[in-house]
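The values are calculated or read from the model by the stated rules, or taken from the named source; none is laboratory data. Just so it is clear, the structure is predicted and the values come from calculations on it, not from any experiment. Here the Cβ positions follow ideal geometry from the backbone for every residue, glycine too, while neighbour counts run over all protein chains shown.
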Amino acid sequence: MSGSAHFILVVGDDDFLVDREARSRFESLSANVEDEMSREIIDGTATKVAEVESVMSAFLSATRTVSLFGGKKYVWLRNLNWLADGVIRVKSADSGDVPAKKGKGRAAPKKDILEDSVDKIAEEFAASDPASLCVVISVVRPDKRRTPCKKLLKIGELVSVASMNDSEELIFTLEKAARDLGATIDEDAARLLVGKVNGHMRMTFSELEKLACYVGRGGAIDAETVMKLVPVFGSGDFFEPVEFFFNGDLAGTLAALRRFFFNNTSARPLLSALQNRNRLLIQLRALVDSGDANLNFRGTISKSAIEAAGTRYGGLFGGNDEKSSLNLFSQNAWYVGEKVAGTTLKNKSVTLKRLIDWQLDFVRAFEELISRPGEDEAVMRELAARCLGK
């Protein structure tokens, strides 16, 4: 890789994050350009050979056309998708456009057009003057097994956008994005934000922008702000009181219960959510107390530790792979280690005995819901006070 900064290749697995990073780079590089004719964005999306050829024609025309008033030219080849493991259609004389298939015959045209296109990009890179041209190319899910992709990854400066399946990379990215917006977000708030929007990347960053506007330049986004301002996406309304409860926040739980019962009359789904979370916490605390899993400095349990414990004890659950709160190892290891454990077990006062007492209190609340019809909010408020009150 030459390391030249005038050809920048942005690659990653998430289309939103790749596009966001590429746009940021392009706008930063061309920030001082007064002539808009010196900035061009070419849509790189193609599903047919003819479309690939059209994209390349537009790209080469943009890179070789000098700005009307001189100066440096900036080109963004956006969302180049035909190097992913997808379908490019090739021309058939008999039946028109048909999907390319593996094997002899139809694989060859597909390979030829893609390799030829990458070769043209490489030639343009070699012949271009860094003082007069800057190119950003964004590629989502490149198939690195294929020769054209291997060639492209060696051109210019490679920028890899981290996969958001990595929890640490996700938190780091959110913290950096908050700084770019002129604010800060602490780790607990970042994790809560991701949980409230159910891991939806586009909404995560949209909500982060809203939060940054709310706290203002130089402001700090904390968990309480996230809880108040970010709506729940993709999960039930009971998310908020459950999170406050397992954070040990009595005042927050009571306020969340008031909001919950403004639109709901039954406490059953809320109580069920509390029981399910607590069952997982009992199992997690047992693993920590036995030394089979350790809480790290953030109060969370690593995915690898939970998977190792699953190898050791998973057979005790009868080998049932159906997802259930009764079986810790049927859950997503990252979720229970980071989200469930990290929310509660970092509080040393939450012992195994206390978790079992909570579970018994949930049973008591269930019995009271039956014996006191129409008093669901009162029963749940009393439950919160018993479990979290000093």
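What are the residues in the stretch 279-291 that are more than 26 Å from the chain's Cα centre (by Cα) and surrounded by 15 or more Cβ atoms within 10 Å (Cβ to Cβ), if any?
Taking the stretch 279-291 as the starting set, the residues that turn out to be more than 26 Å from the chain's Cα centre (by Cα) are 279, 282-283, 285-291.
Result: Arg279, Ile282, Gln283, Arg285, Ala286, Leu287, Val288.
Within the stretch 1-28, how many residues turn out to be over 26 Å from the mean Cα position of the chain (by Cα) and assigned to a loop (DSSP other than H, G, I, E, B)? Can you show your working first?
Start the filter on the stretch 1-28 by keeping residues that are over 26 Å from the mean Cα position of the chain (by Cα), which leaves 1-7.
Filter once more, so that each one left must be assigned to a loop (DSSP other than H, G, I, E, B): 1-6.
Residues flagged as over 26 Å from the mean Cα position of the chain (by Cα) and assigned to a loop (DSSP other than H, G, I, E, B) within the stretch 1-28 amount to 6.
Tell me whether the stretch 211-223 contains one or more residues that are β-branched (Val, Ile, Thr), in contact (Cβ under 8 Å) with a residue 12 or more places away in the chain, at negative phi and crowded, with 22+ Cβ neighbours inside 10 Å.
Within the stretch 211-223, the subset β-branched (Val, Ile, Thr) is 215, 221.
This time we only want the ones that are in contact (Cβ under 8 Å) with a residue 12 or more places away in the chain, so: 215, 221.
Then drop every residue that is not at negative phi, which leaves 215, 221.
Subset that is crowded, with 22+ Cβ neighbours inside 10 Å: 221.
So far as the stretch 211-223 goes, yes, one or more of its residues are β-branched (Val, Ile, Thr), in contact (Cβ under 8 Å) with a residue 12 or more places away in the chain, at negative phi and crowded, with 22+ Cβ neighbours inside 10 Å.
Got a number for residues in the stretch 311-351 being closer than 15 Å to Glu243 by Cα and of a type in the set (S, T, N, Q)?
Looking only at that region, the number is 3.
Residue by residue through the stretch 328-375, note down the ones that are closer than 24 Å to Phe317 by Cβ, free of Cβ contacts under 8 Å to residues at least 12 places away in the same chain and not in a helix (DSSP H, G or I).
Asn332
Name the pairs whose Cβ atoms lie under 7 Å apart, with the first residue in the stretch 169-191 and free of Cβ contacts under 8 Å to residues at least 40 places away in the same chain, the second of a type in the set (Phe, Trp, Tyr), and 6 or more positions between them or separate chains?
Between residues of the stretch 169-191 that are free of Cβ contacts under 8 Å to residues at least 40 places away in the same chain and residues that are of a type in the set (Phe, Trp, Tyr), the close pairs are Ala177/Phe205.
Looking at (1) buried (at least 21 other Cβ atoms within 10 Å of the Cβ); (2) more than 16 Å from Asn247 (Cβ to Cβ), which one does Pro373 not meet, given that it meets all the others?
All conditions are met except number (1).
Assess whether Arg145 counts as being farther than 30 Å from Thr344 by Cβ, assigned by TED's automatic domain parsing to the domain that holds Leu80 and within 18 Å of the chain's Cα centre (by Cα). Steps first, answer last, please.
Values: farther than 30 Å from Thr344 by Cβ: yes; assigned by TED's automatic domain parsing to the domain that holds Leu80: yes; within 18 Å of the chain's Cα centre (by Cα): no.
The answer is no for Arg145.
Considering each of Leu369, Leu326 in turn, give the residue that is within 26 Å of Arg381 (Cβ to Cβ) and not charged (D, E, K, R). Break it down stepwise before answering.
Details: Leu326 fails: within 26 Å of Arg381 (Cβ to Cβ).
Checking each option against the conditions leaves just Leu369.
Do you know which residues across the stretch 26-46 are in contact with a strand residue (DSSP E or B) (Cβ under 7 Å, 6 or more places away or on another chain) and crowded, with 18+ Cβ neighbours inside 10 Å? Quick ask: steps written out before the conclusion?
The initial filter retains those residues of the stretch 26-46 that are in contact with a strand residue (DSSP E or B) (Cβ under 7 Å, 6 or more places away or on another chain), namely 26, 29-30, 33, 38-44.
Answer for the stretch 26-46, where residues must be in contact with a strand residue (DSSP E or B) (Cβ under 7 Å, 6 or more places away or on another chain) and crowded, with 18+ Cβ neighbours inside 10 Å: Phe26, Leu29, Ser30, Ser38, Arg39, Glu40, Ile42, Gly44.
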